[in-house]
Amino acid sequence: MATTSAQVDLRQAINAVSDVIQNRPLPLREFDQIYMKAGDMVMQTSIIAQRFADRKLVFIGDGDSISLCLAYLMHRKVISEGPSEILVLDFDQRMVNAITRFADDERITDRISARLYNCIDPLPDELMGKFNAFYTNPPWGASNSGESVKVFAERGMEACGPDAVGVVVIADDSEVEWSRRVLYETQKFASEHQFYVQEMQPKMHAYHLDDAPDLRSCNLFFRAHPDRQPAQRSYALHGSRLEDFYGKNQNLRVQYVMEKERVDYGKAPSETYTLQILENK
Ligand SMILES: C[S@@+](CC[C@H](N)C(=O)[O-])C[C@H]1O[C@@H](n2cnc3c(N)ncnc32)[C@H](O)[C@@H]1O
C-alpha cells in the first residue's frame with residue numbers, strides 16, 4: 001500500500017482530497033487565489049493534522065481548502081488525528097458557502113465552519129483569543145515587502161490565546177529577491193509580536209500558477225513566547241497597509257466577493273457550452 005511519511009493510505013487520501021478539489025470555486029487571480037496542487041494538499045493535510053492535533057485552529061483565508069481536507073480526512077478516518085475545531089475566515093462568500101455546503105452534506109459541521117470576514121476589519125470580539133492555532137496562506141506580498149502577509153498573520157495571532165502556534169505559507173525561492181525579503185520581514189514581524197520560528201519546511205508546495213510554475217512555498221511554523229500577552233483588542237486597517245496588497249497597483253478595495261445564486265450549482269454553467277444535435281434523430 002502506498003503511504004505518505006505519516007502512514008496515510010495514498011489512494012484513500014487522494015480520492016478524499018479530490019472530493020474537496022471538486023468543491024472549490026474557480027480561483028480569482030486578482031485576489032491572489034492560486035490553488036495548491038493535489039499531491040501537495042495531501043502532504044500538507046497530513047503535516048498540519050499531526051502538528052495541530054487537538055488544537056482549535058483558525059484559518060485566515062483558505063481558497064486551497066486545506067481546512068476542509070483536514071475535517072473530511074478525519075471524518076473518513078484517512079487520518080487518525082487532527083484539530084478538534086476549525087473555523088475558516090474568508091472575504092469570498094463563494095469559499096465560505098462551498099465549505100458550509102460540503103460540511104453540511106458530509107455531516108462534519110461539528111468540526112468545521114466558515115464565516116465571511118475581511119482582514120481589513122477588526123477581528124470580531126467573540127473570536128479574540130478563542131483559538132490556539134492559526135493557519136494562513138496569504139497574498140504573498142511581492143509588491144509591498146510582505147505587508148499583506150503581516151496583515152493575515154496578525155489576524156491569526158489576535159485570534160489565538162495562550163500557548164499559541166501558527167503556520168504561515170509563503171513563497172520560498174532564494175533566486176527570487178522579493179521572496180527572501182518577505183521571509184525576512186515575516187520572521188521579524190512575528191518576533192515583534194512575541195512569536196518565534198519553530199521550524200521552516202522549505203520549498204514544500206507547488207501551485208497552479210501559469211506565470212511562475214516553479215515558484216514554491218514553505219511552511220513557516222511559529223510558536224508564542226511563553227510570556228506573550230494575547231491581544232485584548234483588534235483594530236481596522238487603513239492607509240499604506242492596503243496598497244499593492246495583491247500585487248503592483250492592486251490595492252485592497254473590495255469588502256467581500258459575493259456569490260451569485262445558481263440553481264445548477266456543481267454543474268458546468270450553461271453559457272460555457274452549446275449542443276450540436278445529431279442529424280436525422
Ligand atoms: C489570498 S489567497 C492565497 C493563495 C492560496 N493558495 C489560495 O488560493 O487560497 C488565500 C485566501 O485569502 C482570501 N482573501 C483574499 N483577500 C482577503 C481579505 N482581504 N480578507 C480575507 N480573506 C481574503 C482569498 O479569498 C483566498 O481564499
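Structure notes:
- Seen from a random direction on average, the alpha-carbon convex hull of the chain projects onto 17.7 square nanometres.
- The modelled label-to-label distance between residue 12 and residue 105, using points 7 Å beyond Cα along the C-beta direction, is 2.1 nm.
- Charge-dipole axis of the chain as Lys and Arg at +1 and Asp and Glu at -1 on Cβ define it, positive-most pick from 78, 273, 247: 78
- Separation between Cα centres of the range 182-259 and the range 4-49, rounded to whole Å: 20 Å
- Dipole of the chain, positive direction: furthest Cα of 10, 184, 42, with charges on the beta-carbon: 10
- GNM flexibility winner over the chain from 170, 47, 99 (Cα, springs under 10 Å): 47
- Considering only the chain, percent of DSSP beta bridges that pair antiparallel, nearest 5: 45 percent
- Relative contact order %, the chain, counting alpha carbon pairs below 8 Å whose residues are six or more apart: 18 percent
- Percent of alpha-carbon pairs separated by more than 21 Å within the range 1-137: 37 percent
- Principal axis extents of the C-alpha atoms in the range 127-229 (largest first, rounded to whole Å): 41, 23, 22.
- Taken as entire DSSP H runs, the helices of the chain never both span 15 Å or more between Cα atoms along their own long axis and average 1.6 or more on the Kyte-Doolittle scale.
Just so you know, all these numbers are worked out from the coordinates, no wet-lab data involved. This is a predicted model, so every value here is computed, not measured. Every residue, glycine as well, gets a Cβ built from its backbone with ideal geometry; the counts of neighbours run over all protein chains shown.
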